[in-house]
Structure formats: structure tokens, C-alpha cells
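In what follows, a structure is listed as C-alpha cells, so that the remarks can point back to it.
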Amino acid sequence: MDKKRIIYIEHYAGSPEMGMEFRPYYLSREWVKMGYRVDIIAADYSHLRNRNPKIDHDFQNEIIDGIHYHWIHTTTYDGNGVKRALTMAEFIGKLYLNAKNIAQKWKPDIVITSSTYPLDTYVGQRIKKYSNAILIHEIHDMWPAVLKGIYRMKRINPFVVIMQIAENSFCKHSDYVVSLQPNTKDYLMKHGMQSDKFLNVNNGVVVTEWDTLENLPDMHSDLIKKLKAENKFIICFFGSITISYAIDYLIRAVQKINISQIAVIIVGEENQYLQELKKIARSKKSEIYFLPKVPKRAVPSLLNSIDALYVASVTGWIMQFGISMNKLFDSMMSGKPIIYAMSAPNNYIVKYNCGISVKPESVEALAEGIKELYFMPAELREKLGRNGKEAVIRNFTYEKLSKKFARLF
């Protein structure tokens, strides 16, 4: 009997070697193990990847760990301006024009539309029309809610209006809606989704990636060795350097505490906001260090080498939907305690007792939380770390998450 075939449409899909986004790869790899044929359709250029594929025609095929990737050529861009929006139209337009051919040639059983933006639902609906496949829409970011809640775009902005129409369309026409954020069901029902069509599938971790550790770059390992030799308590932030992750609060809180044995390492890509953070760090004498981002496979080595992790966000009404941040699950998997400052309703730090949870966007509350963790007996800190790791292995591995998702098939 032929394998059931999944088409997974994700504009920015990548792989561990290429870089983000990783979720489509991790889920697909598990489905391949379960006996499905998985075809990922993605653009050949993404600002999220470290390396983009080189292609000479649309739908050029590449097999990565049993997953069939099909690359669509799109224009390159920088930032979140008009040019990026045009690449969305380019990607969706090419797929829409080829949807009937995809349906008839590939004969999919399941179509998953999963780009950050919701426009790919129109492609999925058209493929479904010609193939009678199950159509599942997967929500990564809550567009257009994110556009209004974080980027402060007006409800009447034409781009927001287009995204809202698309969101309404996938709510009404998808067979199922899968959301990374756990608290989106009521919102989606207001936009046309039926109650029994909803499923929450968080992000997660791949346990085997923590078995074989890739060495850190010399710059990182040398600094950490130096700080360890000085008996410093190292708090680490890693990931995208953006204002939304409230990194400035961490710097100001450590400066407020003024405990010489506490050091902070901020690991991420150089940008304008990082320059602002460096200015804040220089404003008072403190042990704040900035390092370049590390490859995905070196993240476990980084997290294993420090003492605590900082996971935070600015507040806003968008947080009501909950969070499913990769860095949170990686931080829990590290077995290190987490200093957490977020207003999301799904507080895994409290639920699984794996760190210190404090009021978000409060230097004072964060400073007290850091002091509490620092002065805590080492065995209690170790217990918090173990709690987080055990919770991830029980609930948030891609092996388990892929099976939860596959119940819809």
C-alpha cells in the first residue's frame, strides 16, 4: 500500500544545518519515521536561515533526512519592509497558480499550511479542492493580532486587513486548526472556527541533540572558562536580540543588585538594539558580556556550561494567547533553573517548579528574583533544573508532539 502523503507548506522552513525555522523539519522527520511521505514546500530565501539553498528552477527537489523539500524561488529582502511583503505574494502566487497541478500530480492525503502569515490557506484550500485532502492550518505567530499588538499597526492598515480576511478564511475552511499557543481557541472561534477543530501542539525539543554536544566557538568557551575560574554565577540570555525579550531589564536588574560574583552573558546576533544594550551595560560597572550567536547544534553545550537562564518578554494583550517559545523548552531541557518574567497564562516555570517567576517589566522584581536564585542552596537550584528537564522529556519532545499532531490524520 502506498504511503500516505503530507504536503507541508511553510515559506521559511529550514533544517538544523540551514537554520530556522526548525519545527517543520522536526515534525516531518518524525512523520517519515511513522511511515508518511512528507513534502515540504518552502522559499529558497529566508532571513531566518544561516544558509539558503541554491536553486535554478521552482520546485527544485532536495531530500534531507528522508523529507522531500521543494524550493520556490523568491526575491531576497532585508528587515520587515515592503520587499518582504512582496516575497510573500510571490511565494503564494506561484503556489496558487500551480495548486491544481500539485494536487493532481502529488495526490496528497494531508495538506498543512503553516507559514508565519495566513495567506497560504488559499493555496491549501485550492489543493484540497482538487485532491480532497485533509486541510490543516498551523498557526505560528498570531497574524494579524501580532501586527497590531506588537508592531502597533492600525486595524485599518491594508496589510492588516488582508491578513484578517485570510485568518477568517482558514478558520472557516480548514478541517483542523493547530496552534502553537495554547490559549487561542476562543479567539479563533470568534473568527469562524468550530470548537472541535482546534488542537494545541507546542514547540519542543529533540532529545538526541543533547546526547552529542557540539563544541562552542573558542570565544564563548574561553570567556565561560574564565568566569568559572573566578567562581562567577553565570546567567545567560540566548536568542534573537529584540526589544520584545526585555533584555534591558536583565542588565538593569544585575546593575541594581551590584553583586560582583553575578555575571551575565548575552548571546545573539549583532544589530542596532544590541548596540543600545551595550550602552546600558557600560553605564554602570557590571559583569555583562556580549557574544555572537552560536549554531543550533552548539546550543546544548552553551546551556550546559552556565548556571541559570533568563527567559522574558515585554507585556501586551497579545500575551493572552500564551507562549510556545523554542528558547523556553531548550532552557528547561538544559537542566538549569530559569529566571522567568512573562505575563502569559501558561506559566510552565510555576507549573513544573523549574525556576523563579517574577513580575514582567519590573527591574525591582527581577532583581529580587535573581538574588533569590543566587542565594538559594545549590542543591535546590539543581532540583529546579531537574524539574524542568523532566517536564520537557515527559511532555515536549518532538517524538511525542508529532504523534499528538498526527491524531488529526
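The values are calculated or read from the model by the stated rules, or taken from the named source; none is laboratory data. No experiment lies behind these values; they were computed from the predicted model shown. Cβ: placed from backbone, ideal geometry, glycine included. Neighbour counts: every protein chain shown. Accessible surface areas use protein heavy atoms only, side chains included; no ligands, DNA or RNA. Shrake-Rupley method; radii C 1.70, N 1.55, O 1.52, S 1.80 Å.
So the values come out like this:
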quantity: Loop-located GluC sites (Glu not before Pro) in region 169-240 whose Cβ has at most 11 other Cβ within 10 Å (DSSP); calculated: 230
quantity: Among (i) 1.21; (ii) 1.14; (iii) 1.01, the entry derived from the coordinates for Cα Rg over 2.2 N^0.38 Å; calculated: (iii)
quantity: Mean Cα-pair separation over length for region 1-159, i.e. relative contact order, pairs under 8 Å, 6 or more apart, %; calculated: 21
quantity: Carbon + sulfur, % of accessible area of the chain - ligands and nucleic acids excluded, 1.4 Å; calculated: 51
quantity: 0 to 90° range, to nearest 10: angle between helix 272-283 axis and the chain longest Cα axis; calculated: 10
quantity: Long-range HN-HN contacts of residue 397 with modeled amide H, under 5 Å; calculated: 205
quantity: Förster radius 45 Å - calculated FRET efficiency between residue 57 and residue 351, Cβ distance, rounded to 0.05; calculated: 0.40
quantity: DSSP-defined antiparallel bridges as percent of all bridges, the chain, nearest 5; calculated: 15
quantity: Label zone at residue 372 (point 7 Å along Cα-to-Cβ), backbone N below 13 Å, region 318-362; calculated: 338-342, 349-351, 353-360
quantity: Accessible surface ranking that places the most exposed of 376, 163, 153, 219 first, with a 1.4 angstrom probe; calculated: 219, 153, 376, 163
quantity: Highest-fluctuation residue, 127, 266, 280 considered, GNM on the chain with Cα pairs under 10 Å; calculated: 280
quantity: Two-decimal Rg to Rh for region 175-313 - Kirkwood Rh, Cα set; calculated: 1.10
quantity: Angle between the chain longest axis and helix 378-395 axis [Cα atoms, degrees, rounded to 10]; calculated: 10
quantity: For q = 0.18, 0.23 Å⁻¹, Debye-computed log10 I/I(0) when each Cα of region 2-126 counts as one equal scatterer; calculated: -0.93, -1.54
quantity: Pairs beyond 26 Å (Cα-Cα), from 228/278; 107/403; 4/129; 228/327; 197/336; calculated: 197/336
quantity: Residue 97 accessible area, 1.4 Å probe, all protein chains in place, Å² to nearest 10; calculated: 150
quantity: Net charge of Cβ neighbours under 10 Å - reference residue 300; Lys, Arg +1; Asp, Glu -1; calculated: -2
quantity: Viscosity 1.002 mPa s, 20 °C: Kirkwood-radius Stokes-Einstein D of region 25-74 over Cα pairs, µm²/s; calculated: 187
quantity: Pairwise centroid distance, computed over Cα atoms, of region 292-337 with region 122-192, Å; calculated: 27
quantity: Radius of gyration and Dmax over the Cα atoms of region 241-285, both given in Å; calculated: 10.5, 29
quantity: Qualifying trypsin sites (Lys or Arg not before Pro) in region 124-194, DSSP loop, other Cβ atoms within 10 Å at most 15; calculated: 152, 154, 155
quantity: Antiparallel DSSP beta bridges within region 1-93, percent to nearest 5; calculated: 40
quantity: Inter-label distance for residue 78 and residue 228, nm, one decimal - labels placed 7 Å from Cα along Cα-to-Cβ; calculated: 3.9
quantity: For the chain: relative contact order, % (alpha-carbon pairs under 8 angstrom, 6 or more apart); calculated: 13
quantity: Tilt relative to the chain, helix 158-173 - C-alpha long axis, 0 to 90 degrees, to 10; calculated: 70
quantity: Loop-resident sites, region 9-115, for trypsin sites (Lys or Arg not before Pro), counting at most 16 other Cβ within 10 Å (DSSP); calculated: 51, 54
